[in-house]
Amino acid sequence: MRHEVEVAGTKLVLVQGDITQQDVEAIVNAANPDLTPGGGVSGAIHRAGGPAVTEAAAQIRRERGPLPTGDAVITPGGKLPARWVIHTVGPVWRGGTHGEPELLARAYRSCLKLARTRGIRSLAFPSISTGVYGYPVAEAARVALQTVRAYLVAHPGAFGEVRFVLFSPRDFQTYAAVV
Ligand code: AR6
């Protein structure tokens, strides 16, 4: 399953699959504030990337303390095909009236900004916050795609490709319906 549109000269691609297997320069991790492996996509990324990812993340945690929701940091990708991992913390869903949409948008923007300032030209996102953190997928998809589109329009040519990697066919369909 694959869907592609063009936004201001950048390919915006949706695929169904495993983010740890993507051939992009950087993949995004839906991390926790302590940057420990945890479960979900984060556990998978730390497992596939190996100690180089986990140790670099732990070092950042020691130096900077917990990562605030909506911020992003970068580590090497270790054994992953991707050279870099950008770790961001999405909001925990608390009913939608606690600033969740703005915090989710901020998480996406922080990753895009960090990638752009590092000269990273291809980036893959998972569906941030829609697993353990409980954000409803349809609402998260709208925020994610609107935020990325707006960023690409504001920074034309910054990226060759931005990819969303949806783990389940159902999530893929949900994103494809709003892209
Ligand atoms: N590739 C792509 N997407 C995946 C993969 C994968 N290999 N594995 C899971 N997903 P979650 P959150 C999807 O829970 O909601 C962690 O324990 C998954 O189906 O990973 O932001 C952290 O340590 C879902 O659609 O992230 C935090 O404590 C999406 O990734 C907490 O979970 C996000 O689900 C973060 O929760």
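The values are calculated or read from the model by the stated rules, or taken from the named source; none is laboratory data. These numbers were taken from a predicted model, which means no experiment stands behind them. Glycine also receives a Cβ, built like all others from the backbone with ideal geometry; neighbour counts cover every protein chain displayed. To get the accessible areas, we keep the full protein, side chains included, count just its heavy atoms, and leave off ligands, DNA and RNA. Shrake-Rupley method; radii C 1.70, N 1.55, O 1.52, S 1.80 Å.
Write down the percent of antiparallel bridges among all DSSP beta bridges whose residues are both part of segment 26-141, to the nearest 5.
Beta bridges within segment 26-141, antiparallel portion: roughly 40 percent.
Can you give the accessible area per residue of segment 78-179, in Å², using a 1.4 Å probe?
Working: 4520 Å² over 102 residues.
Dividing the accessible area of segment 78-179 by its residue count gives 44 Å².
Using DSSP H assignments, which helices in the chain have an axial alpha-carbon span of 18 Å or above and a mean Kyte-Doolittle hydropathy of 0.5 or higher? Mind dumping the intermediate values first?
Working: long enough: 51-64 (19 Å, -0.74); 100-117 (26 Å, -0.32); 137-154 (25 Å, 0.96).
Result, helices passing both filters: 137-154.
Please give the peptides 4-17, 103-116 ranked by average Cβ packing (other Cβ atoms within 10 Å per residue), highest first, as a rough proxy for protection. Don't jump to the answer; show the numbers that get you there.
On the way: 4-17: 16.5, 103-116: 21.9.
In decreasing order of mean packing, 4-17, 103-116 become 103-116, 4-17.
Nearest 20 debye, what's the magnitude of the dipole of the chain about its Cα centre given +1 on Lys and Arg Cβ and -1 on Asp and Glu Cβ?
Working: 19 positive and 14 negative charges, 49 e Å.
Its charge dipole is roughly 240 debye.
Measuring from centroid to centroid over Cα atoms, what is the spacing of segment 118-140 and segment 6-31 in Å?
Rounded to whole Å, the Cα centres lie 10 Å apart.
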